[in-house]
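Structure first, then comments.
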Amino acid sequence: MSSMGKKYKYFNRDISWLSFNHRVLEEARDSDLPLYERLKFLAIYSSNLDEFYKVRVAEYRNAAEAGTPLPDITNPAAVLKQINALVTEQLIEFSLIFEKEILNGLRENGIILYEHNLPTHAKHLAFMKDYFYTEIIPFLQPVLLNRGTRSFLRDNRLYFAIKLLTRKKQQNQPTKRRPIYALVKLPTNDLPRFIRLPQTDGSHHIVFIDDIIRHNLQELFPGYEIEGAWSVKLARDADLGIDDEFSGNLVEKIKKNLSRRNTGLPASFHHDREIDTDLLQFLLETFDFSRSELVESGRYLNLHDFFKFPNPYAPKLDWHTPAPIRPYDMELSGSVFAAIKQRERVLHYPYHSFDYVIKFLNEAAIDPKVEEIKVTQYRVATNSAVVNSLIAAARNHKKVTVFVEVKARFDEENNLHFAEIMKAAGIKIIYSIPGLKVHAKMALVIRKANGIRKRSFAYLSTGNFNEKTARQYADHGYFTCKDEIIADMEKLFGYLEDQARKPKLEKLLVTQINFKAAIMEKINREIELANAGIGGYILLKMNGIQNKLLINKLYEASEAGVKVDLLIRGICCLVPNQPYSSNIRLVRLVDSYLEHARVWVFGNSGNKEMYLSSADWLNRNINRRIETAFPIEDEQLKDEISKILELQLHDNTKARLIDGQLQNIKPTNDAQNPIRAQHDTYAMLLEQNQQLKTKLTENR
């Protein structure tokens with residue numbers, strides 16, 4: 001925990017993130033969840049941790065080795081040590097959940113995952129040997145290691161580190177033999193990680209490809225005795241290494257440097273905690289790792305592969321995702337444009353169908369009055385329906401402009417690919433702004449007829465234009481034809497093309513323009529109300545909060561008596577339960593859907609102000625991104641979103657209260673009134689839609 005001055009304290013952002021990822025791990029322990037849902041949470045935890053080491057830990061390691069501080073962190077090496085200690089504890093817990101709970105659950109359902117103990121059934125052993133020779137061995141290239149080895153470890157790929165001994169030539173040969181070490185890369189990018197064996201005894205048997213290889217290693221090293229084989233992997237720094245975004249061609253720099261991700265500096269070296277110490281020391285010396293780069297793990301690494309664990313009983317043992325709701329009045333309208341003309345809309349994903357966003361763009365593509373379409377793109381799905389709609393619009397002679405953020409981490413290649421496809425279709429592509437990322441989620445449809453401006457339409461969202469993640473992430477999407485919003489968006493798109501002049505905005509709050517001042521003003525107003533005895537209230541829902549200027553303002557509000565509710569899923573540097581934060585309640589919600597929405601509510605003496613936004617209050621969002629926050633002014637919509645937020649604040653099943661030590665504390669569970677916000681939100685919206693259908697049907 002760091003502090004600024006003597007009064008206020010802050011959690012380290014990455015230690016707080018580890019508290020979030022531990023909360024994800026807790027879900028894998030929840031025996032009330034379907035078994036494969038628990039496996040999914042093990043996969044999410046593992047995937048999260050891999051990215052964390054490639055991005056955040058790499059930054060700490062670089063700073064520690066250079067002996068330079070990071071912003072707000074004077075001793076990166078000390079934080080790095082704390083990170084590794086916490087992760088080691090969590091990975092032990094991960095192994096216990098997997099080995100003691102998940103495997104037993106699988107076994108009880110007739111699914112036998114062999115691990116540690118290899119099969120003894122002759123049919124299984126024969127299958128494994130045949131699979132090894134016909135499928136696996138063509139991919140294997142064993143490498144004997146010596147002090148001069150220059151073998152290259154691929155980023156995030158699994159290897160066996162193997163300890164060998166030469167065979168005794170004579171029975172009475174001395175037993176002291178110097179070990180020989182080797183590496184074998186596992187072909188998990190080419191073959192399934194989990195192999196189904198022939199069914200026997202009415203059970204389904206599955207084996208890690210790791211163990212098929214382990215069982216047949218002798219075939220790769222004739223003339224040697226195998227002392228053991230342990231899993232290892234190297235995570236490399238994911239930074240693209242672009243120091244200067246302002247000179248030269250940024251897109252070409254990104255294209256050129258994408259390969260650096262596979263050859264970047266080591267960020268961490270993960271290994272089976274049971275590995276022999278002499279082999280581990282040899283690997284350290286051979287590949288020039290330091291002990292601070294070591295991460296002890298279990299027998300199996302890269303367990304994000306559990307996403308693809310075979311389920312012979314599917315869909316049994318899985319969580320059944322409810323069908324997305326299709327608002328009856330929007331279906332009745334037949335046209336998304338017509339539905340928006342009736343009234344502005346907010347859809348709540350994944351409870352509502354994302355299809356209406358695709359329909360919105362498809363309708364724009366064929367409407368003869370639509371002259372121009374402008375869209376931002378941050379992360380899109382593979383085979384994107386959004387991109388296909390925009391291409392269709394361009395082919396229908398609409399002027400289409402897409403701002404493509406090519407610096408969206410891990411999506412750079414995908415975004416460049418789609419940018420080139422759209423450009424070839426005649427779409428105007430605007431690439432990244434040097435020094436800034438455009439994270440705003442916006443689509444603007446401008447309509448004219450005979451040169452006269454007609455009703456235009458806009459879509460703003462807390463989440464990406466991505467139909468795949470819209471089924472997994474909880475977000476809000478806002479459709480409107482309000483002239484003030486349309487005018488602001490036109491100015492903002494102009495600013496994305498030319499940052500020379502900052503626009504004056506009426507409704508939107510935009511980072512780098514009017515965002516921070518407006519937020520401070522709204523918090524100050526709540527402080528003034530509290531000081532006047534009227535009472536102030538703030539509710540903030542985000543993925544993360546880090547910016548100290550804004551945190552200090554919330555501390556100040558708490559000291560003034562403003563009640564502050566925070567729904568923060570991930571990073572949180574604000575410390576609750578302190579004298580200066582006694583009026584702040586901090587809630588974390590982790591459930592089947594990823595809570596991704598950003599919602600800000602200011603009490604305003606009963607005249608509630610509500611904003612939806614693309615922005616968290618992390619330093620990167622505030623200082624280095626273009627983000628939008630947009631007001632929800634319709635009372636019916638405000639009421640609907642408020643009900644969803646109330647469910648989340650009072651969830652006593654999946655929500656956790658965060659204390660001053662970053663512990664995830666389960667609230668007191670009222671057995672008579674269990675609240676599970678995500679399930680209850682779906683039920684509420686479904687009932688609401690049914691009531692609307694009944695009402696409209698009766699009126700027809």
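Which helices (runs of 4 or more DSSP H) does the range 242-292 wholly contain that include 2 or more residues that are modelled with pLDDT of 90 or more and touching a Leu at 6+ places or on another chain (Cβ under 9 Å)?
Values: elements: 250-257, 260-263, 277-287.
In the range 242-292, 277-287 are the helices (runs of 4 or more DSSP H) which contain 2 or more residues that are modelled with pLDDT of 90 or more and touching a Leu at 6+ places or on another chain (Cβ under 9 Å).
Pick from 305, 318: which is at pLDDT 80 or above, closer than 30 Å to residue 198 by Cα and not in a loop (DSSP other than H, G, I, E, B)? Within the list 305, 318, the selection yields 305.
Is it the case that some residue within the range 676-686 is surrounded by fewer than 17 Cβ atoms within 10 Å (Cβ to Cβ), free of Cβ contacts under 8 Å to residues at least 24 places away in the same chain, part of a helix (DSSP H, G or I) and not polar (S, T, N, Q)? So far as the range 676-686 goes, yes, one or more of its residues are surrounded by fewer than 17 Cβ atoms within 10 Å (Cβ to Cβ), free of Cβ contacts under 8 Å to residues at least 24 places away in the same chain, part of a helix (DSSP H, G or I) and not polar (S, T, N, Q).
Among the numbered conditions (1) aliphatic (A, V, I, L, M); (2) closer than 19 Å to residue 459 by Cα; (3) at pLDDT 95 or above; (4) in contact with a strand residue (DSSP E or B) (Cβ under 9 Å, 6 or more places away or on another chain), the only one that residue 505 does not meet is (4).
With 525, 569, 598 as the choices, which residue is of a type in the set (Lys, Arg), within 30 Å of residue 321 (Cβ to Cβ), open to solvent by 20 Å² or more (accessible area, probe 1.4 Å) and touching a residue at least 24 places away in the same chain (Cβ under 8 Å)?
Values: 525 fails: within 30 Å of residue 321 (Cβ to Cβ); 598 fails: open to solvent by 20 Å² or more (accessible area, probe 1.4 Å).
Of the residues listed, the single one that is of a type in the set (Lys, Arg), within 30 Å of residue 321 (Cβ to Cβ), open to solvent by 20 Å² or more (accessible area, probe 1.4 Å) and touching a residue at least 24 places away in the same chain (Cβ under 8 Å) is 569.
Annotation note: of 620, 585, the sole residue that is of a type in the set (Lys, Arg) and not in a helix (DSSP H, G or I) is 585.
If we scan the range 366-385, do we find a residue that is of a type outside the set (Asp, Glu), more than 26 Å from the chain's Cα centre (by Cα), in a helix (DSSP H, G or I) and at pLDDT 95 or above? The answer is yes; a qualifying residue exists. Considering the conditions (1) over 23 Å from residue 303 (Cβ atoms); (2) open to solvent by 20 Å² or more (accessible area, probe 1.4 Å), residue 16 is excluded by exactly one of them, (2).
Per-residue answers, yes or no, for (1) among the hydrophobic types (A, V, I, L, M, F, W, C); (2) open to solvent by less than 10 Å² (accessible area, probe 1.4 Å); (3) more than 24 Å from residue 116 (Cα to Cα):
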site: 279; (1), (2), (3): yes, yes, no
site: 282; (1), (2), (3): yes, no, yes
site: 291; (1), (2), (3): no, no, yes
site: 313; (1), (2), (3): no, no, yes
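Quick one: is residue 183 at pLDDT 90 or above and over 38 Å from the mean Cα position of the chain (by Cα)? In short, no.
The values are calculated or read from the model by the stated rules, or taken from the named source; none is laboratory data. In this text, all values refer to a predicted model and were calculated from it rather than measured experimentally. A quick note on method: Cβ atoms are made from the backbone with ideal geometry, for glycine too, and the neighbour counts reach across all protein chains shown. Ligands, DNA and RNA are stripped out before the accessible areas are found, and what is left, the full protein with its side chains, is counted by its heavy atoms. Shrake-Rupley method; radii C 1.70, N 1.55, O 1.52, S 1.80 Å.
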